[in-house]
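Participant: One structure, pasted below without further comment.
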Amino acid sequence: MDGYRGIDRGECGNSSDRAMRKHWVFGTVLAIVVAAGLAPHVFPTARPVPLSTPLAGVLPVDIGPWKAMPAEILPPLPDSEIVRRQYVGGAGETVTLEIRYYPRGMAHSPRLALPGAEWERSMIESVRLQTEAGPVTANRILTSPPGGGREGKPVVIVYWYHERGRIVAKETWAKLYQVWDRLWRRRADGALVSISTEALDVRQARERTTEFAGRVLPAITRALPRAEGIS
């Protein structure tokens, strides 16, 4: 009998409860994803919310010690407006800010934050950004170029979903908020915000992107449309 440990009813119950919770979570996530996919067809009257001022004109030139280069406005797409701006620090280090704004509803995919379609995420984690309005949660990922491109340099990216005044890290919650606002506010606009830098030193790149994201986030919040009743 040595080495054998029986399973009592309490353990069986705990195991059963855990399995039920997993099924409940899976079912909830599946329902949200399905609802997000059906929302544009079930509630087609969600109104587009164009930007009152081009993003390139309202993003700050100076972010603490960071100085902005001229903004790059990518060719307009039917469903989005994209602006990219590079900032240079005092020691010559650079970060790239990219905002993808969707007037009619956004695509929620972490892959959109990557530098290219073939890039791969080798690490993803939650990170707390310290802002002037208090801490918020975002995502931080380490990506690798395909086939050793860009001289094989990985890139660290901090990104989040900007949902009509909400800062949302989780893709599932971003989809849920979009469905809710489409139903109750006839709004589905939103943005995907990313800050990236080459990771010559991964630790320094993590600190750099996180610190810059905390500094620039309030300015982005002021530049993007908000929904009534969302603080």
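Nothing in this text is a laboratory measurement; each read-out follows from the coordinates by a stated rule. Being a predicted model, the structure only gives us computed values, none of them experimental. Methodologically, a virtual Cβ is constructed for each residue, glycine included, from the backbone with ideal geometry; neighbour enumeration extends over all protein chains shown.
Participant: Between beta-carbons, use under 14 Å as the cut-off and find the net charge around E211, counting Lys and Arg +1, Asp and Glu -1.
Facilitator: That works out to +3.
Participant: In segment 168-231, which GluC sites (Glu not before Pro) are in a loop and have at most 10 other Cβ atoms within 10 Å, using DSSP for the loop call?
Facilitator: Hits after loop and neighbour filter: E228.
Participant: In addition: At a Förster distance of 41 Å, what's the computed FRET efficiency of R203 paired with W180, Cβ-Cβ distance as r, to 0.05?
Facilitator: So, using R0 = 41 Å, E works out to roughly 0.60.
Participant: Can you compute the equivalent ellipsoid semi-axes for segment 55-223, i.e. the square root of 5 times each eigenvalue of the Cα gyration tensor, sorted largest first and rounded to whole Å?
Facilitator: Listed largest to smallest, the semi-axes of segment 55-223 are 25, 18, 16 Å.
Participant: Still on this structure: Give me the extension gain from R128 to D62: residue separation times 0.36 nm, minus the current Cα-Cα distance, reported in nm with one decimal.
Facilitator: Working it through step by step, the gained length comes to 21.5 nm.
Participant: Can you sort S194, S144 from fewest to most other Cβ atoms within 10 Å of each residue's own Cβ?
Facilitator: The order, fewest Cβ neighbours first, is S144, S194.
Participant: So, one more: Just add up the charged neighbours of A199: K/R +1, D/E -1, any other residue whose Cβ is under 10 Å from the Cβ of A199.
Facilitator: Summing Lys/Arg as +1 and Asp/Glu as -1 gives +2.
Participant: Between E72 and A219, how high is the FRET efficiency from 1/(1 + (r/R0)^6) when r is the Cβ-Cβ distance and R₀ = 22 Å? Nearest 0.05.
Facilitator: Step by step, r from the Cβ atoms, then E = 0.80.
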